[in-house]
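Before I ask anything, here is the structure I am working with.
Every number in this text was worked out from the coordinates using simple rules, so none of it is lab data. Keep in mind the model is a prediction, meaning the values are calculated, not measured. Cβ placement follows ideal geometry from the backbone for every residue including glycine, while neighbour counts extend to all protein chains displayed.
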Amino acid sequence: FDIKTDPEQADRATEIKLFSAARPHMRAFHFSWLSFFIAFFGWFSIPPLMPTIKKQLKLTPAQVNNSNIVSVASTIIGRVIAGPMCDKYGARTVQTVLLVLGAIPVASAAFVVNYSGFMAVRLVIGLVGSSFVATAYWSSVMFSKEVVGTANAFTAGWGNLGAGVTYLITPLLFDLVTIDGAVSDSYGWRITLVFPAVFMVFIGVMLYFLTDDCPQGNYADLKKANAMSIAATKPEIDMKKALWAVAKKPATWILALQYACSFGVELQVHNVLSLYYYEDFKRSDCDPSTAADACRLLTQTKAGLISSLFGLMCIFARAAGGYASDVANSRIGMRGRILTQFAAFAGQALFLYLYSTTQHLAASVPLLIVFGFFVQASTGTTYGIVPYVLPEYTGATSGIVGAGGNVGGLCWGFLFK
């Protein structure tokens, strides 16, 4: 191996070399976050264009909110299933399937003409969010307990960054496609949605042929050689048994609840943020009832750029949470991880309250950034604990906790109705 490993932990890496792409550990590390990044980019490619889509499809606010809810709801089932599937087939295969098949509904959104069709594609696109489970599982298989919190935080955090980048890029792509009226808005948003679908297929195919399931190789090859006993995670498990074993652990449900209050919050914010900045901030010297568009402080593109700041916190915030969890663990054990978790959630609660009370654009932006930092840090501290619940069923644990995040997003979505 091109990296330090621990033979007693099935050759998992004990260090992270960010600037290395050597197989199997660091190659899997980089493809795990990159694939999740592209999945998130596709999953949240619609919300940045919602001001235009809402107008073109003549959607009511209630219909927009319903579409946000279904985009999160379908991921709940997908995440629960994805965990045991990773245990059985390996994260590499699961991630490839999710990206390649998930590209179909993303591209199909370009052909939607009414509310029913829009709801259908957003429902199916939500399954792409299950890629998070494969990402967390993959890094847990490749890295030892000493650094797994940091590894999970980096891969998941940089992957979540896809939501921030799609808010940054998608409106600009739309502007490029529709520049000087070359293409109408009605066709512009449809053409824009083709780009993430193409990227999803490209990355999905690449990772399948260029990466490994675990430090010992690919599960399929190890099975053929009857060498699964040396694999970092043994996939010959019964799915029901894995889920039942994990479900009996109270810690699983506590972490799922906490993830609902961190990642679930993140999902809902991503779904509504652009439309919130576009529609809610208006000029004080203008009457919205007579000239709604003229009274808006922000264009669709500017609203998207501001909204991207929340997701861009993933560059370092989730990794910071995971790193802090690892450091605290090295000093005072699991108690350190729990205290780090408490601190992250306390910061999130404080700045969410402050953000919710401001009505001034200049004040809301810095508060959004700090609030976003603590939200992402909370997700990192949560997954710093996940591998300790039941190590032999990390995939199943990750699946249930990940689904908890989507349940949270679903609940917060209903609060907006």
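Among Ile179, Ile125, which comes first, second and so on when ranked by fewest other beta-carbon atoms within 10 Å? Show your work: numbers first, answer last.
On the way: Ile179 10, Ile125 25.
With the fewest neighbours first, Ile179, Ile125 line up as Ile179, Ile125.
Would you mind calculating the gained length between Lys240 and Lys55 on full extension (0.36 nm times residue separation, minus the Cα-Cα distance), in nm to one decimal? The partial results should precede the final answer.
On the way: separation 185, 0.36 × 185 = 66.60 nm, distance 4.55 nm.
In short, 62.0 nm is gained.
Also: Between region 305-328 and region 114-174, how far is it from one alpha carbon centroid to the other, in angstrom?
Answer, in whole Å: 14.
I want to make sure I understand the PRE zone here: with the label point 7 angstrom from the Cα of Lys4 toward its beta carbon, which residues in region 134-168 have backbone N atoms less than 16 Å away?
Only 143-151 pass the distance filter.
Return the calculated 222 nm mean residue ellipticity for the chain, to the nearest 500 deg cm²/dmol, obtained by summing -39500 (n - 2.57) across DSSP H runs with n ≥ 4 and dividing by the residue count. Before the final figure, lay out the partial values.
Working: 19 runs with 297 residues, N = 417.
Calculated at 222 nm, the ellipticity per residue is -23500 deg cm²/dmol.
For a footprinting-style exposure proxy, rank Phe310, Phe263, Phe19 by other Cβ within 10 Å, fewest first. Display every interim value, and only then the final one.
Details: Phe310 23, Phe263 28, Phe19 5.
Sorted ascending by nearby Cβ count, the order is Phe19, Phe310, Phe263.
I would also like to ask the following. Tell me, for the chain, which Cys residues have no other cysteine's C-beta sitting closer than 4.7 Å.
Unpaired cysteines in the chain: Cys86, Cys214, Cys261, Cys314, Cys411.
A further question on this structure: Let's test the formula: R0 of 22 Å, r as the Cβ-Cβ distance of Ala110 and Ala21. What FRET efficiency results, to the nearest 0.05? All intermediate terms of the calculation are to be shown ahead of the outcome.
Values: r = 34 Å, r/R0 = 1.54.
The calculated FRET efficiency here is 0.05.
Same structure, new question: Arrange Lys302, Lys241 by Cβ neighbour counts within 10 Å, fewest through most, would you? Walk me through the numbers on the way to the answer.
Details: Lys302 15, Lys241 12.
Least crowded to most crowded, the residues run Lys241, Lys302.
Projected onto the charge dipole of region 263-363 (+1 at Lys/Arg Cβ, -1 at Asp/Glu Cβ, origin at the Cα centre), which of Phe316, Leu273, Tyr353 gives the Cα projection farthest towards the positive end?
Phe316
Also, quick follow-up: Testing the spin-label approximation: label points 7 Å from Cα along Cα→Cβ at Ser356 and Phe342. State their distance in nm.
Placing both labels 7 Å along Cα→Cβ, they lie 2.3 nm apart.
Report the gain in length on full extension from Lys223 to Cys411: 0.36 nm times residue separation, minus Cα-Cα distance, nm rounded to one decimal. Spell out each step's value before the answer.
On the way: separation 188, 0.36 × 188 = 67.68 nm, distance 4.16 nm.
Result: 63.5 nm gained on full extension.
Tilt of helix 334-357 relative to the longest C-alpha principal axis of the chain, in degrees (0 to 90, nearest 10)?
Roughly 0 degrees between the two axes.
Given the pairs Lys4/Lys248; Lys88/Lys249; Lys145/Lys241; Lys17/Lys88; Lys17/Lys240; Lys54/Lys282, which are separated by over 26 angstrom at their Cα positions? Let's see the in-between values first.
On the way: Lys4/Lys248 35 Å; Lys88/Lys249 21 Å; Lys145/Lys241 24 Å; Lys17/Lys88 28 Å; Lys17/Lys240 37 Å; Lys54/Lys282 19 Å.
Table pairs above 26 Å Cα-Cα are Lys4/Lys248; Lys17/Lys88; Lys17/Lys240.
Quick check: net charge around Met334, other residues with Cβ under 15 Å of its Cβ, Lys/Arg +1 and Asp/Glu -1?
Values: positive: Lys145, Lys249, Arg331, Arg335, Arg337; negative: Glu146, Asp326.
Charge balance near Met334 sits at +3.
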